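**Student:** Would you mind keeping the following structure in view while I ask a few things?
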Amino acid sequence: MKMICLLWAGVLLFAGCSRNEQTQLPDQHARLEKLRQQLRQTLGEKYHEPIPSATSAQLKRGSELFPELCGGCHGVRGDGKVEHPGVLLHQPSNFTDKAQATFFSEQARLYLIRKGSPGTAMMGWEEVLPEDDILALYMYVRYLCHSQEPIFFNRE
């Protein structure tokens, strides 16, 4: 399973390779606003439903998965800072910035982890990860916008 996840992370990292510089296009906000409206339509009333608080087991699992699966684009700290910033067409979300991290509702952010984001390197994980891992990733992402530092549990 770990090898499959690493392979997908590599695909994800290079899927957006088409520019030498990482840029935020002038229409970036308009693109995100359009996506938010599409998610509101897709999710309907569920768009605003809250997601229960994370358990410590979910945060632990999310902290294990995030650096491997999400860190290539969002940075291992979730701040959008990566070693090779020029490989992505669009600037990835900075989960440590509350405005960026909460632009979409909780249900919408969970949906994006499951289904991906069209026109970006953000792939959907529902065909790769079990639902428990997807939820753990979301819980960890949600934690990042409320914390100064990412948490890293002992990895034994």
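**Student:** Return the residues of the range 111-134 that are of a type in the set (Asp, Glu), surrounded by fewer than 16 Cβ atoms within 10 Å (Cβ to Cβ) and under 20 Å from PRO52 (Cβ atoms); say none if nothing qualifies. Show your work before the answer.
**Tutor:** Filtering the range 111-134 for residues of a type in the set (Asp, Glu) gives 126-127, 131-133.
Keeping just the survivors that are surrounded by fewer than 16 Cβ atoms within 10 Å (Cβ to Cβ) gives 126-127, 131-132.
If the condition is that a residue be of a type in the set (Asp, Glu), surrounded by fewer than 16 Cβ atoms within 10 Å (Cβ to Cβ) and under 20 Å from PRO52 (Cβ atoms), then GLU126, GLU131, ASP132 are the ones that fit.
**Student:** Please go through the range 74-91 and pick out each residue that is hydrophobic (A, V, I, L, M, F, W, C) and at pLDDT below 85. Walk me through how you get there before you give the answer.
**Tutor:** Applying the first criterion (hydrophobic (A, V, I, L, M, F, W, C)) to the range 74-91 yields 76, 82, 87-89.
If the condition is that a residue be hydrophobic (A, V, I, L, M, F, W, C) and at pLDDT below 85, then VAL82, VAL87, LEU88, LEU89 are the ones that fit.
**Student:** Which ranges mark the helices (runs of 4 or more DSSP H) fully within the range 85-146 that have 2 or more residues being farther than 17 Å from LEU65 by Cα? Spell out how you get there, then give the answer.
**Tutor:** Details: elements: 98-101, 106-115, 131-144.
Answer list for the range 85-146: 98-101, 106-115.
**Student:** Pull up the range 26-46, narrow it to residues that are surrounded by 12 or more Cβ atoms within 10 Å (Cβ to Cβ) and aliphatic (A, V, I, L, M), then point me to the one that is modelled with the lowest pLDDT.
**Tutor:** That would be LEU32.
Table: residues versus (1) in a helix (DSSP H, G or I); (2) within 14 Å of LEU135 (Cα to Cα); (3) touching a strand residue (DSSP E or B) at 6+ places or on another chain (Cβ under 8 Å); (4) among the hydroxyl-bearing types (Ser, Thr, Tyr).
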residue: GLY44; (1), (2), (3), (4): yes, no, no, no
residue: TYR47; (1), (2), (3), (4): yes, no, no, yes
residue: ALA57; (1), (2), (3), (4): yes, yes, no, no
residue: GLY62; (1), (2), (3), (4): yes, yes, no, no
residue: GLY80; (1), (2), (3), (4): no, no, no, no
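**Student:** Sticking with this structure for a sec: Cβ-Cβ under 7 Å, sequence separation 6+ or interchain: first residue in the range 39-52 and in contact (Cβ under 8 Å) with a residue 24 or more places away in the chain and within 16 Å of THR102 (Cα to Cα), partner among the hydrophobic types (A, V, I, L, M, F, W, C) and surrounded by 14 or more Cβ atoms within 10 Å (Cβ to Cβ). Which pairs?
**Tutor:** Pairs found: LEU39/PHE104; LEU39/ALA108; TYR47/LEU39; TYR47/ALA108; ILE51/LEU110.
**Student:** Here is a further query. Please enumerate the residues belonging to the range 55-81 that are over 14 Å from the mean Cα position of the chain (by Cα), surrounded by 18 or more Cβ atoms within 10 Å (Cβ to Cβ) and either small (Gly, Ala, Ser) or under 26 Å from GLY119 (Cβ atoms) (or both).
**Tutor:** Residues satisfying the conditions do not exist here.
**Student:** Next question. From the list GLU68, GLU49, GLU156, exactly one residue is over 18 Å from GLN28 (Cβ atoms) and modelled with pLDDT of 95 or more. Which is it?
**Tutor:** On the way: GLU68 fails: modelled with pLDDT of 95 or more; GLU156 fails: modelled with pLDDT of 95 or more.
On inspection, the qualifying residue turns out to be GLU49.
The values are calculated or read from the model by the stated rules, or taken from the named source; none is laboratory data. This one's a predicted model, so the numbers in the text were calculated from it and none came from an experiment. Don't worry about glycine lacking a Cβ; one is built from the backbone with ideal geometry, like all the others, and counts go over all protein chains shown.
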